[in-house]
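J.: My questions all concern the structure below.
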Amino acid sequence: MGRKKLLVGNWKMNKTILEAEVFAKASLDLSAFAEQREIEIGVCPTFLGLKTVKEINPKLIVGAQNCSEFDHGAYTGEIAIPMLKEIGINWCLVGHSERRSYYGETNEHCNAKIKALIAADMVPLYCVGETLDQFEKGETKAVVEEQIRIGLSGLSADDVRNLVVAYEPVWSIGTGKNASKEIAQDVCGYIRKLLRASFGENAEKIRILYGGSVKPVNVKEYLSEPDIDGALVGGASLAVESFRELIANIGE
Ligand code: PGA
């Protein structure tokens, strides 16, 4: 056990390089504050902001929001894993719901990216979650089961030692409609059970985050649940002040 709490900000398509630089400078204090509280923190800027943020605050986890499953080649508009590694980036989101719904990413694409990231010794932060329609039809667990089964297929118990999973119900992302802590724990507990079935004891080491309208006022309730080890935060991660409040409100 002993999973360290983790707070990751997903900036999506926000912040120019200059704006990212302002945040990165202010984040030096945030890192010290989080360290005192034994919380790991990170942000996922756009590709353009990665290098600047990492250079200014090497203590911050800095993740890309996406990557190609291919190493190089004729894939216009894509960014390859060796390019991320070259600038010191070791984390990457995979399968965020906006990638799935706007850019057609499937569980199979996610599987290829996760395998490529693991082969490069990087940390994949794999996002899963159901749409409103699927939630209303009671299909949440079936959807998540398929996302986990296909997304992580072909991986060994050793492969997943650095994996992080985020459960983000699509209907709660950017909507202010949170999943209750009971729903969030129920699904995160179910994800842990699936991970245990595939990877045995190593499932206890995998951090599972909740995401979807996490704010300073509600962050603590999620993190008090046994299978929720942290949060993936969009809107509330953009301003340094609210990031600080998220850390403060998680508590000791
Ligand atoms: P939100 O986004 O916190 O703005 O709801 C979460 C996410 O998309 O990861």
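The values are calculated or read from the model by the stated rules, or taken from the named source; none is laboratory data. Here the structure is a predicted model, which means the values were calculated and not measured. Every residue, glycine among them, receives a Cβ derived from its backbone with ideal geometry; neighbour counts consider all protein chains shown. The area values use the complete protein model at the heavy-atom level, side chains included, leaving out ligands, DNA and RNA. Shrake-Rupley method; radii C 1.70, N 1.55, O 1.52, S 1.80 Å.
J.: Express in nm, to one decimal, how much length is gained between Ile87 and Lys193 on full extension, taking 0.36 nm for each residue of separation and deducting their alpha carbon distance. Before the final figure, lay out the partial values.
T.: On the way: separation 106, 0.36 × 106 = 38.16 nm, distance 3.59 nm.
That works out to 34.6 nm of additional length.
J.: Right, here's the next one. Let a ≥ b ≥ c be the square roots of the eigenvalues of the Cα gyration tensor of region 146-252; is it rounded (a/c under 1.5), or, if not, prolate (a/b larger than b/c) or oblate?
T.: On the way: a/c = 2.06, a/b = 1.83, b/c = 1.13.
Taking the square roots of the gyration eigenvalues as a ≥ b ≥ c, region 146-252 is prolate.
J.: What ³J(HN,Hα) values, in whole Hz, does the Karplus curve 6.51 cos²θ - 1.76 cosθ + 1.60 give for region 233-246 when θ = phi - 60°, with x put for Gly and Pro?
T.: So the J values, rounded to whole Hz, are 10, x, x, 6, 9, 7, 9, 4, 4, 6, 4, 5, 5, 4.
J.: Still on this structure: With θ set to phi - 60°, apply the Karplus curve 6.51 cos²θ - 1.76 cosθ + 1.60 along region 204-220 and write out the HN-Hα couplings as whole Hz, x wherever there is a Gly or Pro.
T.: 6, 8, 6, 7, 10, 9, 9, x, x, 6, 6, 10, x, 6, 10, 4, 5
J.: Right, something else. Apply the Karplus curve 6.51 cos²θ - 1.76 cosθ + 1.60, θ = phi - 60°, to the phi angles in region 179-193 and return the couplings in whole Hz, x for Gly and Pro.
T.: 6, 5, 5, 5, 4, 4, 5, 4, 6, 5, x, 5, 4, 4, 4
J.: Still on this structure, please answer the following. Considering only C-alpha atoms, what is the centroid distance from region 107-159 to region 7-55, in Å?
T.: Using only Cα atoms to place each centre, the spacing works out to 25 Å.
J.: Taking the convex hull of the Cα atoms, report for the chain its projected area averaged over all directions, in nm². List each step's numbers first, then the result.
T.: Values: hull surface 49.1 nm².
With every direction weighted equally, the projected area is 12.3 nm².
J.: A follow-up question, please. Considering only protein heavy atoms, what per residue accessible area in square angstrom results for region 1-112 with a 1.4 angstrom probe?
T.: On the way: 5730 Å² over 112 residues.
On a per-residue basis, region 1-112 sits at 51 Å².
J.: Additional query: Once you order the gyration tensor axes a ≥ b ≥ c over the Cα atoms, which shape class does region 1-45 get: rounded for a/c under 1.5, otherwise prolate or oblate by comparing a/b with b/c?
T.: Details: a/c = 5.29, a/b = 1.70, b/c = 3.11.
Oblate shape, in that a/c is at least 1.5 and b/c is the bigger or equal ratio.
J.: Would you grab the residues whose amide H sits under 5 Å from the one on Gly9? Only those 5+ places off in sequence or on another chain, please, with H modelled 1.01 Å from N.
T.: Answer set, sorted by chain and number: Gly42, Val43, Cys44, Val233.
J.: State the antiparallel share, in %, of DSSP beta bridges confined to the chain, rounding to the nearest 5.
T.: On the way: 0 of 29 bridges.
Bridges in the chain are about 0 percent antiparallel.
J.: Would you please give the FRET efficiency between Lys4 and Glu136, computed as 1/(1 + (r/R0)^6) with r the Cβ-Cβ distance and R0 = 45 Å, to the nearest 0.05?
T.: Details: r = 35 Å, r/R0 = 0.78.
Efficiency at R0 = 45 Å is approximately 0.80.
J.: Roughly how many percent of the accessible protein surface of the chain is carbon and sulfur, given a 1.4 Å probe and a whole-percent answer? Before the final figure, lay out each step's value.
T.: Values: 5970 of 11340 Å².
Accessible surface attributable to carbon and sulfur in the chain totals 53 percent.
J.: Hey, can you find the accessible area per residue of region 116-194 for me, probe 1.4 Å, expressed in square angstrom? It would help to have the intermediate numbers written out before the result.
T.: On the way: 3240 Å² over 79 residues.
Counting only protein heavy atoms, the per-residue value for region 116-194 is 41 Å².
J.: List every residue whose amide H lies under 5 Å from the amide H of Val123, counting only residues 5 or more places away in sequence or on a different chain, with H placed 1.01 Å from N in the peptide plane.
T.: Result for Val123 returns Trp91, Cys92.
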